[in-house]
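Chemist: I am attaching a structure below and will ask some questions about it afterwards.
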Amino acid sequence: MRPAQYFATCARGLEPILAEELRQLDATKIVVSRGGVSFSGNWTVFYKANLWLRTAVRVLMPILEAEVTSPDELYQAVQTLDWSSYMTPDQTLAVDCNVRDSRITHSQYAARRVKDAICDQFKARCGRRPSVDPESPMVGLNLHIDRDRATLSLDGSGESLHKRGYRPIQTKAPLNEALAAGLILRTGWAGDTPFLDPLCGSGTLPIEASWIGLRRPPGLTRRRFGFQGWLDFDVRLWTSIRDEARRGMRKDLPAPITGSDSRRDVIELARANARAAGIGHLIRFGRADVRDLQPPPGPPGIILCNPPYGRRIGDERELQTFYRTLGEVFRRCAGWRTWIFTGNAALARQVRLSVVERVPLFNGAIPCQLLRFATP
Ligand SMILES: C[S@@+](CC[C@H](N)C(=O)[O-])C[C@H]1O[C@@H](n2cnc3c(N)ncnc32)[C@H](O)[C@@H]1O
């Protein structure tokens, strides 16, 4: 196969981390843009991207680019493709659409025009047409219109890649799994030193850290990827890539991973999530107040946590005291690298340690920072 150009989408701010992940997968022509990274490669790179990328939301294969100023122009552009090379009329399809700064403003109507163009072409050529399945289509399409430039892509991932399948029940403010993995990767932690999250909530950071430490791809046990419904799906290649990933996994963590939280119910949930992630026996979870934290014995490692920051849970005044306490706790942890992820810069200042690294990121729409503090 000729190398094709793909686009991996991600949450804003994670683009450079995603680009680095793609470099590790031997992708070429890596170009960072807002909300994602384009890259080139053969099917091996494309399948690996879906299997391995920890920070991506989905991996797309663009098949059409066109200037469009109206839904009718969009319809005409979509009809220029020969859709029989992408699907059969017996398959189901769905079109997902987002629009920005364009004369076409109604994303649902735009998606419908794309679907009409495909179905009309099939009907005219063979008298049958694919039906729509918005929930789990055999072939998913993604339409992105930005300043009148439409990009139509086959969606190689299907359901969003951040849905790892280990977190069926939500706590109040869990971190998105892809964001959690992005934070860990950005700290440079690679699995061989201890990892501690003393505010672990539902356990997202320790669980993602374990998968990194074990070299386990996040998509290993995923039920289905979008590309499995494509006409040219290479099942042999895909199976060999997945088997190779399985063989390369570590059986044990090279260094301990620990999560604690003051709430007993939350710790039970973290344990259940870890079991669902297949690593319940590897992570040490325990109930503890962060105020009582003493650095665990043995070699130092990394502390990474996301303290509450007032917008969603917690009260600002109490939180000021809480962040000050965090600073005192970090001071006790000589040799450890200490990081927090927060959406409140004023609260972060209450830690009262100098910041040695500051990474701007987003948690959904909330501007946040990943901060590394200087510890003795
Ligand atoms: C923003 S949440 C962390 C969410 C977590 N990263 C996840 O993915 O589910 C903050 C957590 O800090 C915990 N917490 C608050 N005060 C605490 C304290 N004094 N000691 C330990 N944990 C505390 C809360 O119970 C909550 O689970």
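The values are calculated or read from the model by the stated rules, or taken from the named source; none is laboratory data. Predicted model only: the values in this text are computed from it and were never measured. Quick reminder, even Gly has a Cβ in these numbers, built from the backbone with ideal geometry, and neighbours come from all protein chains shown. Calculation scope for accessible area: heavy atoms of the full protein, side chains included, ligands and nucleic acids excluded. Shrake-Rupley method; radii C 1.70, N 1.55, O 1.52, S 1.80 Å.
Chemist: Scan the stretch 332-348 and tell me whether some residue there is within 22 Å of GLY364 (Cβ to Cβ), more than 15 Å from the ligand (Cβ to nearest atom) and not β-branched (Val, Ile, Thr).
Modeler: Yes.
Chemist: Considering GLU135, GLU65, which residue is in a loop (DSSP other than H, G, I, E, B) and either of a type in the set (A, V, I, L, M) or surrounded by fewer than 18 Cβ atoms within 10 Å (Cβ to Cβ) (or both)?
Modeler: GLU135
Chemist: Right, something else. Restricting attention to the stretch 347-357, and to residues there that are within 29 Å of the chain's Cα centre (by Cα) and not small (Gly, Ala, Ser), which single residue is most open to solvent (accessible area, probe 1.4 Å)?
Modeler: The residue in question is ARG349.
Chemist: OK, next. Which of the residues that make up the stretch 238-258 are surrounded by 15 or more Cβ atoms within 10 Å (Cβ to Cβ) and either away from the ligand (no atom under 16 Å from the Cβ) or not aliphatic (A, V, I, L, M) (or both)?
Modeler: Within the stretch 238-258, TRP238, ILE241, ARG242, ALA245, LEU253, ALA255, PRO256, THR258 qualify.
Chemist: If I ask for residues that are open to solvent by 10 Å² or more (accessible area, probe 1.4 Å) and either part of a strand (DSSP E or B) or touching a Leu at 6+ places or on another chain (Cβ under 7 Å) (or both), which ones from the stretch 139-158 would you list?
Modeler: Answer for the stretch 139-158, where residues must be open to solvent by 10 Å² or more (accessible area, probe 1.4 Å) and either part of a strand (DSSP E or B) or touching a Leu at 6+ places or on another chain (Cβ under 7 Å) (or both): GLY140, ASN142, HIS144, ASP146, ARG149, THR151, ASP155.
Chemist: Can you say whether GLU208 is touching a His at 6+ places or on another chain (Cβ under 7 Å), open to solvent by less than 20 Å² (accessible area, probe 1.4 Å), touching a residue at least 40 places away in the same chain (Cβ under 8 Å) and within 16 Å of the ligand (Cβ to nearest atom), as far as the supplied structure shows?
Modeler: no
Chemist: Related question: What pairs come out if I take residues in the stretch 342-363 that are within 18 Å of PHE330 (Cα to Cα) and pair them with residues that are among the small types (Gly, Ala, Ser) and not in a loop (DSSP other than H, G, I, E, B) whose C-beta lies under 6 Å away, six or more apart or interchain?
Modeler: Note: pairs meeting the criteria are THR342/ALA348; VAL351/GLY327; ARG352/GLY327; LEU353/GLY327.
Chemist: Taking ARG167, is it assigned to a loop (DSSP other than H, G, I, E, B), charged (D, E, K, R) and either within 16 Å of the ligand (Cβ to nearest atom) or open to solvent by less than 30 Å² (accessible area, probe 1.4 Å) (or both)?
Modeler: Judged against the criteria, ARG167 is a match.
Chemist: Please work out which one of (1) open to solvent by less than 30 Å² (accessible area, probe 1.4 Å); (2) within 16 Å of the ligand (Cβ to nearest atom); (3) within 14 Å of the chain's Cα centre (by Cα); (4) of a type outside the set (Gly, Ala, Ser) is the condition LEU161 fails and give its number.
Modeler: (2)
Chemist: Of all residues being hydrophobic (A, V, I, L, M, F, W, C) and within 8 Å of the ligand (Cβ to nearest atom) in the stretch 259-292, which is nearest to SER210 (Cα to Cα)? Just the residue, please.
Modeler: ALA270
Chemist: Residues in the stretch 306-346 that are crowded, with 17+ Cβ neighbours inside 10 Å and at pLDDT below 95: how many?
Modeler: Final tally of qualifying residues: 8.
Residue-by-condition table, conditions (1) under 21 Å from CYS333 (Cα atoms); (2) more than 17 Å from the chain's Cα centre (by Cα); (3) buried (at least 20 other Cβ atoms within 10 Å of the Cβ):
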site: ALA178; (1), (2), (3): no, no, yes
site: TRP189; (1), (2), (3): yes, yes, yes
site: PHE195; (1), (2), (3): yes, yes, yes
site: ARG216; (1), (2), (3): no, no, yes
site: ARG224; (1), (2), (3): no, no, no
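Chemist: A further question on this structure: How many residues are within 11 Å of the ligand (Cβ to nearest atom) and either touching a helix residue (DSSP H, G or I) at 6+ places or on another chain (Cβ under 9 Å) or of a type in the set (Lys, Arg) (or both) if we restrict to the stretch 171-205?
Modeler: Total meeting the criteria: 18.
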